[in-house]
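The values are calculated or read from the model by the stated rules, or taken from the named source; none is laboratory data. Quick caveat, the model's predicted, so the values are computed rather than measured. Virtual Cβ from ideal backbone geometry, glycine too; neighbours counted across all protein chains shown. When the accessible area is computed, the model is the full protein with side chains, heavy atoms only, and any ligands, DNA or RNA have been set aside. Shrake-Rupley method; radii C 1.70, N 1.55, O 1.52, S 1.80 Å.
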Amino acid sequence: MFTTSSSFRALTILKHTHHTFSRTTMAAAAAPPPTTISIDSSRPTTISLKEWQAWGTDSSMPTQVAQIVDEMMAFEQESDAQMKFGGLGGKLKGDFRTQEEKKHRAKYRSLDDSEQKLHFFSARQIACRLLGSRGYLCQKCWLPLEDCMCSSVVPSSLWHPIRFWLYMHPKDFLRQNNTGKLLWQVFGIDAATLCLFGIAEHEEIMWEAFMQSGRNNVWCLYPNKNAPTKSVADSFAGYTSNNLLSEPHTIDRGETLNFILIDGTWSNSAAMFRRLKERADLVWGDDLPCISLTTGASAMHKLRPQPSWDRTCTAGAAIGLLDELHLVPQFNSLGLDKQAEAVENSVDVLLASLTARRVRMGRSITRAQKHYNDFS
């Protein structure tokens, strides 16, 4: 279904084994400047659990994220500058940014090791996005409230032994054109779980689930053309289960099929994959074998092109996986093709919403292609 005229995408799925854009085209001359958002002093001075979970997770509020939010709010009270966000990515703006960046850079340099630095970096990125998106983005679809697409997304049930893990880079968290969010919009947060890169609480939840399922039931989708690969058909040729058609509450955790989708830009995904490999080696003492997917390009190429046509967006990878699993004889009566179609329809809704917004804002609806090197 996602086909190109001359080539197919070879997107690799990496089987886990104990403990790891493109350039924006210039806007039209009449386009308005990026929205700048000021933090309303009458709003809550912290992020509640309810507010945190409304963004697409059922986890507790990460401790370090909450701490940084509190520190930023307190720093605003102490300084003579107002906290403002704006521009691409909703970054801090103005005098407050200048003052706060000096403070956070000093804190970053004071940290002893790379793990502490990663945790701090990720927590700060997420804290800024939470504060900058308040009252601006819809908490379900991550689009500006005036462009909310939630009413057009049709929910669907995912075959219950499958669980997607959206291993998301902090810089993709609350990103409007992110497609990973579509999986929990369609299937729900129990079937598609958000795990934020560098957030210790999230990563521990994910790896605890993997250890309960066992190495043979964990895979990761990631392009790694130099690694040994197996097709989906070959990987599941000998798969047997007595619970294919059983009710969700009867499925043992050891029979859950866990699929990790690395959700970030291609430049960030290499570090994310390396972290997964390192943790897998500590947990299971084994490498991450690859399984290849063969699907075409996602419709999102129109607005967010990938480094090459043999790669696709996060939702596109999930669509390809479900379609290819549907072709495996053991799975072809489970409606996986219809579940893939539900995700594909949500991608179309997102594309239409983003395109309509760009047209309304007087911006280009296409993006120039950058040249990237393939990952090793």
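Taking the range 195-215 as the range and being under 13 Å from Met61 (Cβ atoms) and assigned to a strand (DSSP E or B) as the test, only Leu196 passes. For the range 221-237, does any single residue satisfy the condition of being surrounded by fewer than 23 Cβ atoms within 10 Å (Cβ to Cβ), in the same structural domain as Gln339 (by the TED database) and of a type in the set (Lys, Arg)? Yes - at least one qualifying residue is present in the range 221-237.
Filtered by the rule that a residue be open to solvent by less than 70 Å² (accessible area, probe 1.4 Å) and assigned to a loop (DSSP other than H, G, I, E, B), the range 91-112 gives a lone residue, Leu111. Out of the range 198-223, which residues are within 16 Å of the chain's Cα centre (by Cα) and hydroxyl-bearing (Ser, Thr, Tyr)? Hit for the range 198-223 is Tyr222, nothing else. Taking the range 171-188 only, how many residues are of a type in the set (Ser, Thr, Tyr) and open to solvent by 10 Å² or more (accessible area, probe 1.4 Å)? Matching residues across the range 171-188 total 0. Summed over the range 254-283, the residues that are of a type in the set (Ser, Thr, Tyr), more than 12 Å from the chain's Cα centre (by Cα) and open to solvent by less than 30 Å² (accessible area, probe 1.4 Å) give a count of 1. Selection of first residues in the range 303-330 that are open to solvent by 20 Å² or more (accessible area, probe 1.4 Å) and part of a helix (DSSP H, G or I) and of second residues that are of a type in the set (Val, Ile, Thr) and at pLDDT below 65, restricted to Cβ pairs under 9 Å at least 6 apart or on distinct chains, gives the following pairs, ordered by first then second residue: Asp323/Thr295; Glu324/Thr295. Candidates are the residues of the range 35-90 that are of a type in the set (Gly, Ala, Ser) and open to solvent by 80 Å² or more (accessible area, probe 1.4 Å); the one that is modelled with the highest pLDDT is Ser42. Restricting Gln116, Gln125 to those that are assigned to a helix (DSSP H, G or I), under 16 Å from His169 (Cβ atoms) and not assigned by the TED database to the domain that holds Tyr167 reduces the list to Gln125. Pairs linking a residue in the range 144-158 that is farther than 24 Å from Arg129 by Cα and part of a helix (DSSP H, G or I) to a residue that is β-branched (Val, Ile, Thr) and at pLDDT 95 or above, with Cβ atoms under 6 Å and 6 or more positions apart or on different chains, are Ser152/Val349.
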